[in-house]
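The values are calculated or read from the model by the stated rules, or taken from the named source; none is laboratory data. Everything numeric in this text was worked out from a predicted model, so none of it was measured. Heads up, the Cβs are rebuilt from the backbone with ideal geometry, glycines too, and the neighbour counts pull from every protein chain shown. Just so you know, the surface numbers come from the protein's heavy atoms only, side chains and all, with ligands and any DNA or RNA stripped out. Shrake-Rupley method; radii C 1.70, N 1.55, O 1.52, S 1.80 Å.
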Amino acid sequence: MHTPRSGRSARLGLWRAVLVLLPLFSLAATLATPASHPAGAAEVAHSGYPGGGMIGFGNVDDSAPDIPQPVNAPISAGAATKDGQGYWLVSADGGVFTHGDASFEGSLGDLPLQGPIVAMAATPDGAGYWLVALDGGVFAMGDAKFLGSMGGTRLNQPIVGMAATPDGGGYWLVAADGGIFAFGDAKFFGSTGALKLNEPIVGMAATPDGAGYWLVAADGGIFSYGDATFHGSLAKNDLPDPVVGMVATPDGQGYTMSTANGVVFAMGDAKSFGQLQLDPDATPISAIIANGSNTGYWLLDPDAWTYSFTTPTPEGSFPGSSAIVAAVASQVAPDPDTGSYCNPYGPCEEWCALFATWAWRQAGVNIPSYAFTGDVYNWAYYYGTVLPPTATPDPGDAVLYGTGPENTSTSEHVGIVTQVWPDGAIDTVDGDSGPGRDGWLSVTINGPFLPVDSQSYNGMGIYAYAQP
């Protein structure tokens, strides 16, 4: 069984630090002993990762906004105010949450969206912001001006990030293939859209004068355009987890990257402020947000909040769909038990299928406790329903990764679908998932992602959905 590599979880895996470029051997972590897991604790709802949300380093407020929970959809992105004394967070359904001196200028929480929100950018005076969806739709709030979008246009790859020009008169959108879409006074300086990338693009940052930008790939590869100066990359390093985003220094002479497990690298004049330990109970990081003065940054841990996954997905065709979703949502937490591969859902072995079948049983499904993901497919073939990877799943369905159910080499992983967006994107909750070391993995949120892009997003394709 393999785990999704994105951590974006979502965010895959998603998803989501030393701020100097260190040799990888210096990043080896001292493993902490995970806390013991009480017997039967799998039946009790977790309250989220302890102290998570926004993890601050340097001269920033190391606290998270008081968000009413459960949140409808995963927290997907954020942006800091110009003075670094506050920030905005946005959930995939367009709900906006503020902290510090960030002002609330509106949200999309009550608006049915075609696709989930994946990125945001603030105007220079902090009196507005843009939200961008996976399908390229752009939404302007406050004094942010709508200057165009890719909504309704067929994209080769989904949108993964955005950046605004210094005067707030334009913005760029970047897709996973590195395609750049410029609006307003944002100028096109080049893209990787025609290149064959080793890993997908996961984010971008603009230069201070708006005459250039950098793109960063999941392997840490950096692509510089316009007056953006190349200060190095991580592309030839064997990173423990994929890069999830980047931020540039105020003078444009450096940039910082974060991986999904909270390891952060700084290049050029970017400064070092700390790191997350590569512990067995590693926190998934989905974004890095700088305070704008090169004195600190936050790492966003989307799994720190509890989620209802109530919008925009209606209950699935199976009557117990909502019960399955509620069961897996209650379990999102770091490594849930002591010992290599130990877990509260079955024996000490690879346990993504143990978790998935446990979740189905919480809704009254009479399925055995399977350890092999292919057995989930086979059970559904005889007693439930098997859908092809091109079908639209329901909440509560099992998503099966790999090429087929034959053996552990072809059937690699399984997660539970928790949301299905109108554009086809899905969120899942997965057991025995990253980040962290094999044997000490977690229950994490993965997505939103388009199933057709699962190979690039997760490192493995989808071969079927199984319905109870």
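Points to keep in mind about this one:
- Spans of strands (runs of 3 or more DSSP E) in region 296-407 with at least 3 residues touching a strand residue (DSSP E or B) at 6+ places or on another chain (Cβ under 6 Å) and charged (D, E, K, R): none
- Scanning region 426-439 for residues that are crowded, with 24+ Cβ neighbours inside 10 Å and assigned to a loop (DSSP other than H, G, I, E, B) gives G434, P435, G436.
- When Y401, Y457 are screened for being closer than 29 Å to D337 by Cβ, open to solvent by 20 Å² or more (accessible area, probe 1.4 Å) and among the aromatic types (F, W, Y), only Y457 passes.
- Condition check for D238: open to solvent by 30 Å² or more (accessible area, probe 1.4 Å), part of a loop (DSSP other than H, G, I, E, B) and modelled with pLDDT of 95 or more: no
- Count - residues of region 414-440 that are under 16 Å from the mean Cα position of the chain (by Cα) and within 13 Å of A260 (Cα to Cα): 4
- Selection from region 349-392 of residues that are touching an Asp or Glu at 6+ places or on another chain (Cβ under 6 Å) and of a type in the set (A, V, I, L, M): A371
- Restricted to region 129-142, and to residues there that are in a loop (DSSP other than H, G, I, E, B) and of a type outside the set (A, V, I, L, M), the residue that is surrounded by the most Cβ atoms within 10 Å (Cβ to Cβ) is D135.
- Filtered residues of region 249-295 (kept if touching a helix residue (DSSP H, G or I) at 6+ places or on another chain (Cβ under 9 Å), open to solvent by less than 10 Å² (accessible area, probe 1.4 Å) and not hydrophobic (A, V, I, L, M, F, W, C)): P284, S286
Here's the yes/no breakdown for (1) within 16 Å of P242 (Cβ to Cβ); (2) buried (at least 17 other Cβ atoms within 10 Å of the Cβ); (3) in contact with a helix residue (DSSP H, G or I) (Cβ under 6 Å, 6 or more places away or on another chain):
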{"residue": "G179", "(1), (2), (3)": "no, yes, no"}
{"residue": "F183", "(1), (2), (3)": "no, yes, no"}
{"residue": "A194", "(1), (2), (3)": "no, no, no"}
{"residue": "G203", "(1), (2), (3)": "yes, yes, no"}
{"residue": "A206", "(1), (2), (3)": "no, yes, no"}
{"residue": "L215", "(1), (2), (3)": "yes, yes, no"}
{"residue": "G220", "(1), (2), (3)": "yes, yes, no"}
{"residue": "S224", "(1), (2), (3)": "no, yes, no"}
{"residue": "F230", "(1), (2), (3)": "no, no, no"}
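- From the list G100, G58, G78, G48, the lone residue that is within 18 Å of the chain's Cα centre (by Cα), modelled with pLDDT under 95 and open to solvent by 10 Å² or more (accessible area, probe 1.4 Å) is G48.
- Among (1) buried (at least 22 other Cβ atoms within 10 Å of the Cβ); (2) modelled with pLDDT under 95; (3) touching an Asp or Glu at 6+ places or on another chain (Cβ under 7 Å); (4) not hydroxyl-bearing (S, T, Y), the one test that D423 misses: (1)
- G339 being within 30 Å of V365 (Cα to Cα) and either hydroxyl-bearing (S, T, Y) or surrounded by fewer than 24 Cβ atoms within 10 Å (Cβ to Cβ) (or both): yes
- Qualifying residue in region 106-128 (condition: under 14 Å from P302 (Cβ atoms) and surrounded by fewer than 24 Cβ atoms within 10 Å (Cβ to Cβ)): no
- Selection within region 346-398 - open to solvent by 60 Å² or more (accessible area, probe 1.4 Å) and under 17 Å from E315 (Cβ atoms): Q362, G364, T392
- Residue in region 187-207 that is within 24 Å of S293 (Cα to Cα), of a type outside the set (V, I, T) and in a loop (DSSP other than H, G, I, E, B) present: no
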